[in-house]
């Protein structure tokens, strides 16, 4: 295939609950324009595979034929080390916000360091839910006319993918690389930490107020996301939780 020369390891494009096959096809076309092929769908409304997606992809078979489908966002990001969420709406949470250009610079650096990265895009009508955004390390917002910031799904993907394509030959290596035996915690490791801690807090009664639990869980997850934990730090924290749970259980006897 003529485009093979330009295909390099790049970030995964993750579409959360996309509605129309035609939009998925246009996203695939935009991705291949910029040398990206890892497309993941979370619970697509009209199912997969999609004849409509094929028709609008302009023969972007390298993307369409390798598209993976997941039931939940958490499942789609388990092999991702660094996750960016795209949104134009302000969120009631503390998250670093960058432009597509800055995100692309960081993505190139992380990919060169063998990091696995992902870009999260929401539903056509309403975008991402807060429970999706909280899983991300950073928010990407496209600077546009403040009086009219509406983009369709393929446009949003293309904005970020194009910056990625342009940045590949212009980005310097990271100035603060981790030691060889230390790696950033993967999303699977972080999700394990989240679930371990939340389970312990459920058992202790800390999360017992049902209506407050979702917001408290998001707050806790944001704290750990901002910490930029390594894999070793994640294992240590899980050991701490396990020890505290064991101590609490023994103190009751």
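Nothing in this text is a laboratory measurement; each read-out follows from the coordinates by a stated rule. If you're wondering where the values come from, they're calculated on a predicted model, not measured in any experiment. Heads up, the Cβs are rebuilt from the backbone with ideal geometry, glycines too, and the neighbour counts pull from every protein chain shown.
Side notes on the structure shown:
- Degrees separating the helix 187-204 axis from the principal Cα axis of the chain, which is the longest one: 30
- Residue 230 paired with residue 130, simple spin-label distance in nm, labels 7 Å along Cα-to-beta-carbon: 3.4
- Helix 21-33 vs. the chain, principal-axis angle (Cα, 0 to 90°, nearest 10): 80
- Length gained on full extension, residue 98 to residue 114, computed as 0.36 nm times the residue gap minus the Cα-Cα distance: 3.6 nm.
- Cα-based helix-to-principal-axis angle, 231-251 vs the chain, degrees rounded to 10: 30
- Length added when fully stretched, residue 204-residue 155, from 0.36 nm per residue minus Cα-Cα: 13.0 nm
- Spatially, segment 175-240 and segment 10-59 are offset by 31 Å when compared through their Cα centroids.
- Rh by Kirkwood over Cα pairs, then Stokes-Einstein D for the chain at 1.306 mPa s and 10 °C, µm²/s: 82
- Residue 147-residue 248 pseudo-label distance in nm [points 7 Å out on the Cα-to-Cβ vector]: 5.5
- Highest average first, the peptides 156-162, 203-209 ordered by how many other beta carbon atoms sit within 10 Å of their residues are 156-162, 203-209.
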